[in-house]
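Q: Supplied in structure tokens, the structure appears directly below.
The values are calculated or read from the model by the stated rules, or taken from the named source; none is laboratory data. Model, not experiment: these values are computed from the prediction. Here the Cβ is made from the backbone with ideal geometry for all residues, glycine too, and neighbour counts use every protein chain on show.
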2 protein chains.
Amino acid sequence: MKIRLYNARIMTMAEGCSLLQGEIWVENDRILYVGDGTDLDAFCKRTGIPGLAADKEIDCEGNVLMPGFKDAHTHSAMVAMRSFADDMPLQEWLNTKIFPLEAKMTEQDNYDLTQLAILEYLTTGVTSVFDMYLSPKDIARACVDMGMRCVLVSGLNKFGPALEVMEERYLTLNRMHPLISYMLGVHAEYTCSRELLEQVSEMVHKYKAPLFTHISETRTETDECLERYGMTPPQFLDSLGLFDYGGGGYHCVHFTEEDMDLFAKKGLHIITNPGSNTKLASGVAPITRFLEKGINVGIGTDGASSNNCLDMFREMFLTTGLAKLKEKDASAVDAEEVLKMATVNGAKAMGLTDCDILAEGKKADIIMIDLHQPNMQPLNNIAKNIVYSGSKQNVKMTMIDGRILYYDGRFLCCDDVEALYAKANEIIARLSAD
Amino acid sequence: MKIRLYNARIMTMAEGCSLLQGEIWVENDRILYVGDGTDLDAFCKRTGIPGLAADKEIDCEGNVLMPGFKDAHTHSAMVAMRSFADDMPLQEWLNTKIFPLEAKMTEQDNYDLTQLAILEYLTTGVTSVFDMYLSPKDIARACVDMGMRCVLVSGLNKFGPALEVMEERYLTLNRMHPLISYMLGVHAEYTCSRELLEQVSEMVHKYKAPLFTHISETRTETDECLERYGMTPPQFLDSLGLFDYGGGGYHCVHFTEEDMDLFAKKGLHIITNPGSNTKLASGVAPITRFLEKGINVGIGTDGASSNNCLDMFREMFLTTGLAKLKEKDASAVDAEEVLKMATVNGAKAMGLTDCDILAEGKKADIIMIDLHQPNMQPLNNIAKNIVYSGSKQNVKMTMIDGRILYYDGRFLCCDDVEALYAKANEIIARLSAD
């Protein structure tokens, strides 16, 4: 199966946000060719392909093709609790509203809700998610069935399944399907005992594996950790060896200079979640300082019950906007930097080095940004238009692993979206019933 | 011409965000009936209408009908400079990038660019704009030709047309067309001499008219005004009698308690512009304090060259989100309050008391919010879904003055949107040429 996407502005993200006028050929799950189309004969000669013939040709009408966005921190199935309990601080919200409902959630619920979240990801151009939630095998099934790329991460904590379960998942889910991988992780310092974290550290060392976790999301969290262990969460987890093989943290709002230095030294990744941190009043992460220290920063939506949407355009604007406000500097974290975070940097954090840029041999995780909309005109600067003026309305196509899952507002990976909406409403009614 | 919009969830905004299952009948430019549809016979009897027959029936499929958003501060034609010069502080950006280009802008440019902006307003459910820009009669023509409701406001300053021109516009544009009205205004304290402001004050008193202006947008502006006059901008303008017949201010970021008390006492309106204030790093307005003092607060996008988009969903999320961050309180400025600001409060500030809520006899400025999208599901709380998770993608219909101008992504008020895009690109190329 070969798809030719022609008459496009191509933002490969290989070199900043520069644009190439041309076409992309996709063969099965991979990008076969990216170029201006004038060197196709030479390309065939070089690669030994006898000749190119497309099974499907798509006129991109001058629109932008770029790598899909990486939603580098989310809890997909939490869409059930969207607008269910808002306007509350994090700890109260978790303890009184979220945890009691999650305790009643079934594996099938997880599957159905993840599928609803996938529809939303597709509308915002997300081609892979870094998902920490209950029953990962059901998340994986939902993703495979719909065609979403997913890096699962364990949310191990003292209330949930044992360490052995994480190990079993690590071994089986990493072999399950090309769209799926699995990373070690813990929910957070404050939901794990020291003993549990020490056992996780043994596993990190056994598999030489990176580890991800929620970290320094709120002031309370960092204060309590300091009180308990005399160290900030990053320093404490590092002291146990949890970051000896890399990994990183979600949120990272209340990082000290020493925390940042630790992350920089160890090559750990930071995933920022500005929408969730804003809505829960958790604070503003020091993105400018992260970048100055050379830390790799990706962007995630967090779950829809805290955010409340899964919209990378909102996250991108907030990433730059909140940095500008924090630094009182309108030039802080510019649009090109933000697009890199939302694509290449996220891919790096998630271990998806095949999905970062548009280039020969890379996975075909491609989105088309519609410039034929009033909010994208005039075309003074397309990268800035996308970050400062873009919206989900501008996502014309979302292709993952060479399959077009979303086009012109239609979900090609789902026969009955209304049935999914109905299921989500049934699930939350059941979970919230006394 | 009668249009029946049935099978709807109706958020009239007459009483918070409560929903009514039912239908709306529109006759010409007005709302004829709002109700559950069971009392139509009684309605006909009461009103003396012999019987209802619709020229057009629209099945709303359970979607929300609500009053259109009021973009209560904008500079429409500045779409030309979208992403033209970013990442700069306000004063530098105005002086080196914007003012030189504006000096070259023709009346026809203003007309064409305003039309492009109108397309963008329609995609985000805006049914009226409070527009301060060059050559208001051309803005008015563009609005009338497309069907947008517009309250023009003078941006008088020491570089532009004389006071007599403002007076002539006040007299003629207020009689031009039912969609158009005109208010007195000055660009800002810092672009007017004291003498000019005193002359404006005479006109305010002559016509007993409210006055609007940019005010306390940046720290520099307030500091310089204090230095010049020993008073903050609100206090200085008030001391000249400019607010003796009401009006209000745009931005209002750096307000003191005394400034707020003045606004509260005089019943002045505040229009907040969080997107623009964020992108230009101007600061965060103290919305919570405004509301505590009982000040009427509306929401505006500001122009697309500072924001860089005209998207009320982004503004609504930022209004609540930045308040939550500022107050370190996740319950600050809740979703219902924000929806009121974006509709009823904006209408009040703009003098559009006929366009505030959905009720019999009001102007038919109605939008339909599509709930059949993944970001609106499940339906735990529709008002919160709209503010915390909504996007332009959810705007299915925009009706102004009883005319459907936008439906399902199509612009029914414009035959050739591509020609408008092309014009905008030509204009900015010409304006920015040496």
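Q: From the set of residues in the range B:103-126 that are in contact with a Leu (Cβ under 9 Å, 6 or more places away or on another chain) and of a type in the set (S, T, N, Q), which is surrounded by the most Cβ atoms within 10 Å (Cβ to Cβ)?
A: Looking at residues that are in contact with a Leu (Cβ under 9 Å, 6 or more places away or on another chain) and of a type in the set (S, T, N, Q), I get B:T124.
Q: Among the candidates B:E336, B:E257, B:E292, B:E327, single out the residue that is at pLDDT 95 or above, surrounded by fewer than 23 Cβ atoms within 10 Å (Cβ to Cβ) and under 30 Å from B:L65 (Cβ atoms).
A: After ruling out the rest, the residue left standing is B:E336.
Q: Okay, moving on. Looking at the range A:379-412 only, could you name the residues that are more than 25 Å from B:V79 (Cβ to Cβ) and within 11 Å of chain B (Cβ to nearest Cβ)?
A: Once the filter is applied, which keeps residues that are more than 25 Å from B:V79 (Cβ to Cβ) and within 11 Å of chain B (Cβ to nearest Cβ), the range A:379-412 yields A:Y406, A:F411.
Q: Among what's in the range A:133-188 and is among the acidic types (D, E) and over 25 Å from A:D415 (Cα atoms), pick the residue that is surrounded by the fewest Cβ atoms within 10 Å (Cβ to Cβ).
A: The residue in question is A:E164.
Q: Return the residues of the range A:277-292 that are closer than 15 Å to A:S216 by Cβ and more than 10 Å from every other protein chain (Cβ to nearest Cβ); say none if nothing qualifies.
A: A:A285, A:P286, A:I287, A:R289, A:F290
Q: Restricting to the range B:274-315, name every residue that is part of a helix (DSSP H, G or I), of a type in the set (G, A, S) and touching a residue at least 60 places away in the same chain (Cβ under 8 Å).
A: Those that are part of a helix (DSSP H, G or I), of a type in the set (G, A, S) and touching a residue at least 60 places away in the same chain (Cβ under 8 Å): B:A304, B:S305, B:S306.
Q: Do you know which of the residues in the range A:358-378 that are closer than 22 Å to A:A347 by Cα, of a type in the set (D, E, K, R) and part of a loop (DSSP other than H, G, I, E, B) is nearest to the other protein chains (Cβ to nearest Cβ)?
A: A:D365
Q: Search the range A:345-368 for residues being among the β-branched types (V, I, T) and buried (at least 22 other Cβ atoms within 10 Å of the Cβ), and hand back the single one that is farthest from A:Y121 (Cα to Cα).
A: The qualifying residue farthest from A:Y121 (Cα to Cα) is A:I366.
Q: Which condition number does B:S193 fail, the rest of (1) surrounded by 15 or more Cβ atoms within 10 Å (Cβ to Cβ); (2) modelled with pLDDT of 95 or more being met?
A: So the condition that B:S193 fails would be (1).
Q: Could you tell me whether B:Y111 is more than 15 Å from B:L310 (Cβ to Cβ), under 21 Å from the mean Cα position of the chain (by Cα) and among the aromatic types (F, W, Y)?
A: yes
Q: Looking at (1) of a type outside the set (F, W, Y); (2) out of contact with any His (no Cβ under 7 Å at 6 or more places or on another chain); (3) closer than 14 Å to B:S76 by Cα, find the lone condition where B:M132 falls short.
A: Status for B:M132: all satisfied but (2).
Q: Let me ask you something else. In the list A:I98, A:I118, which residue meets the criterion of being within 14 Å of chain B (Cβ to nearest Cβ), touching a residue at least 24 places away in the same chain (Cβ under 8 Å), assigned to a helix (DSSP H, G or I) and farther than 27 Å from A:L412 by Cβ?
A: A:I98 is the lone residue from the list that is within 14 Å of chain B (Cβ to nearest Cβ), touching a residue at least 24 places away in the same chain (Cβ under 8 Å), assigned to a helix (DSSP H, G or I) and farther than 27 Å from A:L412 by Cβ.
Q: What are the pairs with Cβ atoms under 7 angstrom where one residue, in the range A:391-414, is of a type in the set (S, T, N, Q) and the other, located anywhere, is surrounded by fewer than 21 Cβ atoms within 10 Å (Cβ to Cβ)? Sequence gap at least six, or different chains.
A: Close Cβ pairs (under 7 Å, with a partner that is surrounded by fewer than 21 Cβ atoms within 10 Å (Cβ to Cβ)) amount to A:N394/A:D370.
Q: A follow-up question, please. Considering only residues that are under 17 Å from B:M312 (Cα atoms) and either outside the structural domain of B:F212 (by TED's automatic domain parsing) or of a type in the set (S, T, Y) (or both), which ones fall in the range B:328-345?
A: Of everything in the range B:328-345, just one residue is under 17 Å from B:M312 (Cα atoms) and either outside the structural domain of B:F212 (by TED's automatic domain parsing) or of a type in the set (S, T, Y) (or both), namely B:T343.
Q: Determine which single condition B:R46 fails, assuming it passes every other condition in (1) outside the structural domain of B:D131 (by TED's automatic domain parsing); (2) in contact with a Pro (Cβ under 8 Å, 6 or more places away or on another chain).
A: Of the numbered conditions (1) outside the structural domain of B:D131 (by TED's automatic domain parsing); (2) in contact with a Pro (Cβ under 8 Å, 6 or more places away or on another chain), the odd one out for B:R46 is (2).
Q: Only one of these is crowded, with 24+ Cβ neighbours inside 10 Å and within 8 Å of chain A (Cβ to nearest Cβ): B:G321, B:G300. Name it.
A: B:G321
Q: Test A:D71 against the stated conditions and say whether it is assigned to a strand (DSSP E or B) and within 14 Å of chain B (Cβ to nearest Cβ).
A: Yes; evaluated as a whole, the condition is true for this residue.
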